[in-house]
Amino acid sequence: MKRRAEVKRKTKETDIEVRVTIEGTGAARARTGVGFLDHMLHSLATHSLIDVTVDAKGDLVHHVVEDVATALGRAVGQALGDRTGIRRFGDAMVPMDDALALAAVDLVKRPYSVVDLRLERVMVEDAPREDLEHFFGSLAQALEATVHVKVLEGSNDHHKFEAAVKAFALALREAASPDPRRAGSKAPPSSKGSM
């Protein structure tokens, strides 16, 4: 059975629809009106192997980036269900030319994020740096996950952010993967007995 979810988020500022399939092939369609965000959503899908469809309209780039992250986090969280039988933890390190990024994910249902992207320019392509930095925090909050993303090296902001997205995608893929040793277990992967 494939884990799927669809989330619609409509406010006075944005109108967003997100669909995800955890057991996907990495297929993506992103139409947000923010070219760099579309590119990053394609990269996220490709490397997490989660099929992602995002249709978004909004008044400001900030609202679109923030609400896409929120809707995407909710969709992945809903698709994961009660999170029993998963690995729960994932981590990855990704080089991309001059950039090197590290990401770690815990799908524990406790939202927390530490993000250090070392972005220097005010804009990365057509997206403001502060909105991109906010993206991971909004995603972690809505996903109810602990997320650490750090850029360790790099001089090109495009490469730094893309390496961070790829590292996060790989870490999420690992964390969301079924744990064969927990197959059939109704208990969550937690010593507390609850996520």
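Mind listing the long-range amide H neighbours of Y112? Cut-off is under 5 Å, sequence gap 5 or more, other chains count too, H placed in the peptide plane at 1.01 Å from N.
Result for Y112 returns A145, T146, V147.
Suppose the chain between T11 and S155 were pulled fully straight at 0.36 nm per residue; how much longer would it get relative to their current alpha carbon spacing?
The T11-S155 span can extend by a further 48.1 nm.
Give the relative contact order (percent, whole number) for the stretch 1-108; include only Cα pairs under 8 Å separated by 6+ residues.
27
Helices from the chain with mean Kyte-Doolittle at least 0.0 and a Cα length along the axis of 27 Å or more, per DSSP H: which?
Counting only whole DSSP H runs, the qualifying helices are 61-80, 157-176.
No lab work stands behind these numbers, since they all come straight from the coordinates. All of these numbers come straight from a predicted model, not from anything done at the bench.
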